[in-house]
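Take a look at the structure set out below.
The values are calculated or read from the model by the stated rules, or taken from the named source; none is laboratory data. For clarity, every value in this text was computed on a predicted model and none was experimentally measured. Positions of Cβ are backbone-derived with ideal geometry, glycine not excepted, and every protein chain shown enters the neighbour counts. Note: accessible area is taken over every heavy atom of the protein model, side chains too, but ligands, DNA and RNA are not part of it. Shrake-Rupley method; radii C 1.70, N 1.55, O 1.52, S 1.80 Å.
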Amino acid sequence: MCGRFDLIKKQQDLERYYHKTSNLQSYKPNYNASPAQTLPVVTSEAIEGMHWGLVPQWAKGINTGYSMIN
């Protein structure tokens, strides 16, 4: 998970392309998406905002998971 990517589509473009509605509250194009950010994910129902990252089962808190990038 050490990589980054860009997401330059507008929310309306994502909805039109995937034929889904979205519940994204504050979406804006991101030119440097990285782990621990909330990013749009296409599910079977809609486009939802989800955190990108791995939080292991043994982690005591969410911040422990975000410190593990590989």
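Out of Thr21, Thr38, Thr43, which single residue is of a type in the set (S, T, N, Q), out of contact with any Leu (no Cβ under 8 Å at 6 or more places or on another chain) and open to solvent by less than 50 Å² (accessible area, probe 1.4 Å)? Outline the logic, then answer.
Details: Thr21 fails: open to solvent by less than 50 Å² (accessible area, probe 1.4 Å); Thr38 fails: open to solvent by less than 50 Å² (accessible area, probe 1.4 Å).
Residue meeting the stated conditions: Thr43.
Quick one: which strands (runs of 3 or more DSSP E) sit completely within the stretch 1-65 and have at least 2 residues that are at negative phi and β-branched (Val, Ile, Thr)? Reasoning before the result, please.
Details: elements: 5-7, 30-33, 38-42, 47-51.
Strands (runs of 3 or more DSSP E) meeting the threshold: 38-42.
Restricting attention to the stretch 1-12, which residues are out of contact with any strand residue (DSSP E or B) (no Cβ under 7 Å at 6 or more places or on another chain) and open to solvent by 60 Å² or more (accessible area, probe 1.4 Å)?
Just the residues of the stretch 1-12 that are out of contact with any strand residue (DSSP E or B) (no Cβ under 7 Å at 6 or more places or on another chain), to begin with: 1-3, 9-10, 12.
Listed by number, the residues that qualify are Met1, Cys2, Lys9, Lys10, Gln12.
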